[in-house]
Structures are given as structure tokens and as C-alpha cells.
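All remarks here apply to the structure that follows.
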Amino acid sequence: MRSNEILSGLKTYMVKLKLRQQGYTNIFDTTVQARTPEQARRLIKAQYNNPNVIVGQPRELKTQ
């Protein structure tokens, strides 16, 4: 299987994260490639594996 066959079904999503720590809160943007917005949220949750991470609504980035 070729790499372009694997990547053809994936879309790039931008996700806003809120990470609460003791004494401060970080808010930042990140990107992830997934087939659906729900899969993008699950990938981000699994990557950070922290109960204090709040994952926002994924927005698809349009590529040219």
C-alpha cells in the first residue's frame, strides 16, 4: 500500500486545548490528521492522557 493511498482519506483538523495545571491554565491550538472530527478529538485525548485537558470542537483546515 502506498502512502498517498493511506493519507487520501485523512483530513487535517485544528483543535483548541485547555490544560489546567495547579496555579495556571494554558490554552493552545494544535493540529491532528484524522478521518472524522470525533476521531480527531479521541486522538488528542489519547495523546495527552490527562484528566485536566479540555478538548474543543475540531475544525477542518482546508488545504489547497
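The values are calculated or read from the model by the stated rules, or taken from the named source; none is laboratory data. Not measured: the values here are computed from a predicted model. Reconstructed Cβ throughout: ideal geometry from the backbone, glycine too, with neighbour counts over all protein chains shown. These area figures cover heavy atoms from the full protein model, side chains too; ligands, DNA and RNA do not enter into them. Shrake-Rupley method; radii C 1.70, N 1.55, O 1.52, S 1.80 Å.
Structure above, values below:
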quantity	calculated
Qualifying lysines (Cα of each under 21 Å from Cα of Lys45; at least 8 residues distant if same chain)	Lys11, Lys16, Lys18
Using a Förster distance of 25 Å, the FRET efficiency for Leu61-Ile27 (Cβ separation, nearest 0.05)	0.85
Crossing angle, helix 37-48 versus the chain [Cα axis fit, 0-90 degrees, rounded to tens]	50
Within the accessible area of the chain (1.4 Å probe), percent carbon and sulfur	46
The chain: calculated mean residue ellipticity at 222 nm from DSSP helix runs of at least 4, using -39500 (n - 2.57)	-7500 deg cm²/dmol
Assigned charges on the beta-carbon of Lys, Arg, Asp, Glu; the chain dipole about Cα centre (debye)	100
